[in-house]
Each structure stands twice: as structure tokens, then as C-alpha cells.
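In what follows, a single structure is set out as C-alpha cells and then discussed.
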Amino acid sequence: MINIIIKFDKVSKIFPDGTKAVDDVSFEIQEGECVTFVGPSGCGKTTTVKLLNRLVEPTHGAIYLNRENTAKVDVIALRRGIGYVIQDVGLFPHMTVAQNISLVPRLIGWSTVDREKRTDELLNLVGLEPLAFRSRYPHQLSGGQRQRVGVARGLAADPPVILMDEPFGALDPITRAQLQDEFLRLRARLKKTILFVTHDMDEAIKVGDRIAVMRSGRIVQFDPPIKILREPADRFVKDLVGKESGLKLMKLAKVSDIMVPGVDQILEGSSVLETKRLMAEKRSDILLVVGDQGTFRGVIRFEQLNHKEEGTVEDLMDRDIPTVRDNGEIRPTLEMMLKGKRLWLPVVDEEKCLKGIVTMTQFASFFV
Amino acid sequence: MSERDCDHDPVCLLFCLRPKDFERGFLSILNYFINNPNLILKLTLEHIKITVIAVSISTLIGVAIGILITRYKRAATPVIGIAGIIYTIPSLALFGMLIPFIGIGIKPALIALILYSQLAMIRNTFIGIVHIDAAIREAGKGMGMSNWQFLRVVELPVALPVIMAGIRTAAVMNIGTATIAAYIGAGGLGWLIFRGIASVNTEQIIAGALPVTLLAIGVDYLFVLMERVLTPAGLRH
């Protein structure tokens, strides 16, 4: 069941100097989703996420977390339930790495044993060896290590929602890419709801399940990355995506995004006669053969049935057909088709069940 | 310089550059210390007492005011300004101003010392806290620390070295100013100095001035050590 965990209802924020930082924004976020907020500086993306933990209070509208109006919740309790990771990390310089990470658990009264256990667990999670890093001070860490500690601190009390405000913005490109990859790995494991602010569209595409593109305090488009790439709402989004959207799409899309589902298929036990009848009915010269459980077995062509009256498809079909997984990446799939000189390939899932096919024509129309 | 010029002045004798005169001068000063150990000790303890009480109370008041003006920043400039004006009043004038209201003795002396210390205490506390990185502030707030928790767990420890430097300045200054407070009957080593001046007794002046100087140097060094011990390990770099 889809559970809406965050809801913004016609929210605006007008600062005392008259700036409309957030302008009548409404959206919903599902539990476990990672939504990236992207846009040029001053577009209101940071203000939008800060509205959730009430570092900024809305001028109009209401914000709901777990169906509760955040304005009516105790602000300290609200913030403790939301992890917060920022670009400049903000580690406390007089505390060790372990003390920094375990601060929120300490404030909410965890026992020392639990805190130590949790700290080591989190250090391992963010790729820092507990023995080596526990008692270091922030000034003894590199930028990347500091941000890892920052992420660990944000996760410390196991909050269901995490706000990340340009967490990798201050890092060099190599460290940033590395941390992004680890972030994706971490996300898959933790299943947290994440609001992720970035000014980098590539980062937004890489880490987000959905992207909220913002301009002048408004959400211009709120869609999954593939849709943003394929159908940018306007010129602004298109420019933000930049050139080479086809290449970006190729990195992002999975075989299942491109495949044609529900192809003509026949059971492997079927007789030649039945097969011929189905081919005539479907006006098709080729059928995919599946087993009882829908598992892919092979391919049968019309010419293979010529002058045959007896037997089953199983005896006649072509078994030596390469397949691709539905969650496979696009580039290797394309490579496979080009090398094997194949115009199409069957797509199967984990259990080898037939899901559909990918064709060269599909590729061509998808990326253009 | 002829021998007759400073026949009875031990300090002058010390600088005559003649071993015999140096010895005479030195012995005459030493004699005063040997003959009046209880008096000097009593006055030194009095002096320390005045300073310790003044520094303790002014730390409490000054740090509290310093914290308050970080919360109400608009008050910061006027408050520090007033503390600065008080600081520029000559000590004798301040003592004199207090006498009609509080009379003489240790009370007006303490009040004056506490007033003088406020500039160093308030300013250092304010600067130490205000200069904490904005990212640290935002992280602390965002992770759900209350105002009080943030003050106790982050602001005060991080600002501690700067606050300690303020206490150190105030302490050393108070030792000096407490000497003058003897003039309004607060006791302490200043008593010897004023008596010595009045009776042209150089030995007595030195018996007051020397311990005051040593006390100031000693306290300054003590605070250097304390700053080192109290600075959180993460900030020592």
C-alpha cells in the first residue's frame, strides 16, 4: 500500500524583506521515496526542505508529516524525528567523531552501551573503520570523511525521514561521485524517505526516484528522472537537463523501461497444428515459447513448421536464444544486440519468466 | 652619584653599582620582610581574597550578560559600549563615586572591581559564542537541540578558550586595581604601599609592590595553564 508520509499543501514562504522564496507549492512524498529538489541558486529548494523541519516557518499553507500538521507538533520532537545533513557538515569541533554521531541518541536518553553500538554500526555503514575513526576530531578528517560522519550523524537516531541539503556540494568531483554511489547503496539498504537538495541536475537524476525542478519558488516539474529527461515540461527544464539527454537516459534507464510487454507466446507442449493456428490468428511468423510457469524456453518460426504435421513445439523450436534481464542496463543490452546481429531480444525476470521483448526500433524511438 | 644622596634609600643603593651599597640596600629590604612576615602574609591573603571574590562574581555576571546579548543581538553594541565606558573611568574616581552610596571598605572595592571586569568578560563571552560557525549552529538546531542544550553542549565548550582569556585579563587587572582599593579601606597589599608613600618608607613600599607584582605574574601563568587544560582536545590545533 502506498503511504503518503509528507504532504505540502499550498505552502508559501515570504521573507520579511518581501522575497517570495516558496510560492504556493503542493506535493506529496511516499514513504521510502527519495525526492531530489533541483534548480538554480535562489529557486527556493533549500527553503522548501527547511520548511519540513521548521528551520523555516511557512507564511501560508500547511505541511504534514505522517498526517500530522507539523505546525502543531513540538518543534524539538519534530526535528529529532528528521535526520539533517548539510553541505558544510557542521560537525561540533570539540567533540570526537563518536560523540558527534551519538549526540542525538544521547539527548533522547539512549544508554551508553546502545550509543556505542550504534556509533560503530553507523561508522561501518558509511565506510569508516570504527577503531580508526571513533576518537578522531573533525579537524583530523578530510572533507569526504567529514561528510560521511555528517551522514552517520543524520542517521543516528534512526529517523524515518532525512533532509539532505547539498550534502556532496562542497566535495571534489571524484569524492562526490564516490559518495553518491555509496549513498545509493545505503539507500537501498535503509529504505528511508529522503528529501535531497542539489543544484546539479546530474546528481538529481542519479539519486532521485522523483525530481522536483524548482524556479522562483515554484515547482516547474515533479516527475521521475526518465520522464524529466524524455519529456521536460518546458524550455527551463530542458536547459537544466542539458545536452546529451539521450546518453543520460541510457545510463539511467533499465531494459524494462524500453521493452514491449505482452508479446505473442505459446506453451512448449503445444502441437504443431495449434501453433500454426495461433500464428495465423496473430498474423505473426514467429512466437516465443514458454513453459508452464511462463519461463522462457525458445523461439519457433513459421519456416520451422513447414511440412510438419506431428509433434510439439518443443521438438522443433530454436532453444539457443540469448536473453536479457528486465532490470538490465541499456548499454550492455545494446552491445549484445549489435554484436549478435539481433534485431530483438527476449526480456526475462529473476525466475526466467518471459516479460516482453526489446527491439532496435524501440531503442531508436526511446532515446530520440 | 654620591653616597650621601641616597644614604637611606634602599632602592637607590641597589642601583649604585657598588657591591657594598647593593648589599646594604638589599639587606634593608630583606630586613623589612623578615621583621614583618605576618603583616605581609595577612595583607597578601586579603589581596587574594578581594581578587578571587571579584573575579568569581564578575565571571558569573559577565558570562551571563555575554550570553544574553548573543540572544538579543540588538543589545550587544550598547551593552559592550557601556562596559567600555565604565572601563575608562579612572579607578580612584570610581572609588570616590561609590563612597557616598556604599561608604568605604571592601564592599565598594568589590563593586568597582566587578564593574571594571565586565568589559573583558562580556566581550569575550559574546565574541566566543557569536564566532561559532553558522553551519554548526544550523546542524545543532536542525538535529533538534533546545536552546539550552545547544548552549551547554556546544556554545559554551567551543567558546570556553575565549571566555577563559577574558577571565585571565580580568583577574590580572583586578590584582592591580585592588591595590588602589586600599585607599578606600579595602585592605590588601596596597595598604603597605600607601603607608610607605605617606611615611617615605621605601622598604614598606617595596614590601607591598613586590608581592603584588609576583601575584599578578603568578595568576597570569596559572591561567595560561588552565586555558591549556580546559581547552577541549578537538580545539587544540
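Just name the residue that is farthest from the other protein chains (Cβ to nearest Cβ) out of those in segment A:78-89 that are out of contact with any strand residue (DSSP E or B) (no Cβ under 9 Å at 6 or more places or on another chain) and not in a helix (DSSP H, G or I).
A:Val89
Which one of B:Asn124, B:Asn36 is at pLDDT below 95 and either of a type in the set (S, T, N, Q) or in contact with an Asp or Glu (Cβ under 7 Å, 6 or more places away or on another chain) (or both)?
B:Asn36
Scan segment B:72-80 and give yes if some residue there is away from chain A (no Cβ under 12 Å), closer than 30 Å to B:Val212 by Cα and modelled with pLDDT of 95 or more, otherwise no.
Yes, some residue in segment B:72-80 is away from chain A (no Cβ under 12 Å), closer than 30 Å to B:Val212 by Cα and modelled with pLDDT of 95 or more.
Do any strands (runs of 3 or more DSSP E) entirely within segment A:261-344 hold 2 or more residues that are in contact (Cβ under 8 Å) with a residue 60 or more places away in the chain and either surrounded by 11 or more Cβ atoms within 10 Å (Cβ to Cβ) or assigned by TED's automatic domain parsing to the domain that holds A:Gly246 (or both), and if so, which?
Qualifying strands (runs of 3 or more DSSP E): A:286-290.
For B:Cys16, work out the one condition from (1) assigned to a helix (DSSP H, G or I); (2) not assigned by TED's automatic domain parsing to the domain that holds B:Val200 it doesn't fulfil.
(1)
Failed condition for B:Leu210, given (1) within 11 Å of chain A (Cβ to nearest Cβ); (2) without any contact (Cβ under 8 Å) to a residue 40 or more places away in the chain, with all others met?
For B:Leu210, the exception is condition (1).
Return the total of residues in segment A:120-151 being polar (S, T, N, Q) and either surrounded by fewer than 18 Cβ atoms within 10 Å (Cβ to Cβ) or farther than 17 Å from A:Val89 by Cβ (or both).
4
Search segment B:134-149 for residues being surrounded by fewer than 18 Cβ atoms within 10 Å (Cβ to Cβ) and more than 7 Å from chain A (Cβ to nearest Cβ), and hand back the single one that is nearest to the chain's Cα centre (by Cα).
So, considering only residues that are surrounded by fewer than 18 Cβ atoms within 10 Å (Cβ to Cβ) and more than 7 Å from chain A (Cβ to nearest Cβ), the one nearest to the chain's Cα centre (by Cα) is B:Trp148.
Of the conditions (1) touching a helix residue (DSSP H, G or I) at 6+ places or on another chain (Cβ under 7 Å); (2) under 27 Å from A:Ile29 (Cα atoms); (3) modelled with pLDDT of 85 or more, A:Leu334 satisfies every one except a single condition; which number is it?
Status for A:Leu334: all satisfied but (2).
Checking A:His94 against (1) within 14 Å of another protein chain (Cβ to nearest Cβ); (2) at pLDDT below 95; (3) under 30 Å from A:Leu171 (Cβ atoms); (4) out of contact with any Pro (no Cβ under 6 Å at 6 or more places or on another chain), which single condition isn't satisfied?
Checking A:His94 against (1) within 14 Å of another protein chain (Cβ to nearest Cβ); (2) at pLDDT below 95; (3) under 30 Å from A:Leu171 (Cβ atoms); (4) out of contact with any Pro (no Cβ under 6 Å at 6 or more places or on another chain), the one that fails is (4).
Inside segment B:197-233, can you point out the residues that are touching a Ser or Thr at 6+ places or on another chain (Cβ under 7 Å) and farther than 23 Å from B:Leu110 by Cα?
Within segment B:197-233, just B:Glu203 meets the criteria.
Is there any pair linking a residue in segment A:60-72 that is in the same structural domain as A:Val161 (by TED's automatic domain parsing) to one that is hydroxyl-bearing (Ser, Thr, Tyr) and assigned to a strand (DSSP E or B), with Cβ under 9 Å and at least six apart or on different chains, and which?
Qualifying pairs under 9 Å: A:His60/A:Ser12; A:Gly61/A:Ser12; A:Gly61/A:Ser26; A:Thr70/A:Tyr64.
Would you call B:Ile65 among the hydrophobic types (A, V, I, L, M, F, W, C), over 19 Å from B:Ile167 (Cα atoms) and either touching a residue at least 40 places away in the same chain (Cβ under 8 Å) or within 14 Å of chain A (Cβ to nearest Cβ) (or both)?
So B:Ile65 does not fit the description; no.
For segment B:1-32, which positions are modelled with pLDDT of 85 or more and surrounded by 15 or more Cβ atoms within 10 Å (Cβ to Cβ)?
Scanning segment B:1-32 gives B:Ser28, B:Ile29, B:Tyr32.
Conditions (1) under 22 Å from B:Glu138 (Cβ atoms); (2) at pLDDT 90 or above; (3) crowded, with 16+ Cβ neighbours inside 10 Å; (4) more than 17 Å from the chain's Cα centre (by Cα), marked per residue:
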{"position": "A:Arg189", "(1), (2), (3), (4)": "no, no, no, no"}
{"position": "A:Met201", "(1), (2), (3), (4)": "no, yes, yes, no"}
{"position": "A:Phe222", "(1), (2), (3), (4)": "no, yes, yes, no"}
{"position": "A:Arg230", "(1), (2), (3), (4)": "no, no, yes, no"}
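Report the residue count in segment B:183-205 for those that are surrounded by fewer than 20 Cβ atoms within 10 Å (Cβ to Cβ) and in contact (Cβ under 8 Å) with a residue 40 or more places away in the chain.
So the answer is 3.
Out of everything in segment A:152-166 that is away from chain B (no Cβ under 12 Å) and surrounded by 17 or more Cβ atoms within 10 Å (Cβ to Cβ), what residue ends up being nearest to the chain's Cα centre (by Cα)?
This residue is A:Val161.
Residue by residue through segment A:44-100, note down the ones that are more than 30 Å from A:Ala132 (Cβ to Cβ), of a type in the set (S, T, N, Q) and buried (at least 19 other Cβ atoms within 10 Å of the Cβ).
Across segment A:44-100, the qualifying residues are A:Thr46, A:Thr47, A:Thr48, A:Asn53, A:Thr70.
Can you tell which of B:Ile163, B:Ile175 is in a helix (DSSP H, G or I), of a type outside the set (D, E, K, R) and either in contact with a Gly (Cβ under 8 Å, 6 or more places away or on another chain) or within 14 Å of another protein chain (Cβ to nearest Cβ) (or both)?
When all the criteria are applied, what remains is B:Ile163.
The values are calculated or read from the model by the stated rules, or taken from the named source; none is laboratory data. Since the structure is predicted, the reported quantities are computational estimates derived from the model, not experimental observations. Ideal geometry is used to build each Cβ from the backbone, glycine not excepted, and the neighbour counts take in all protein chains shown.
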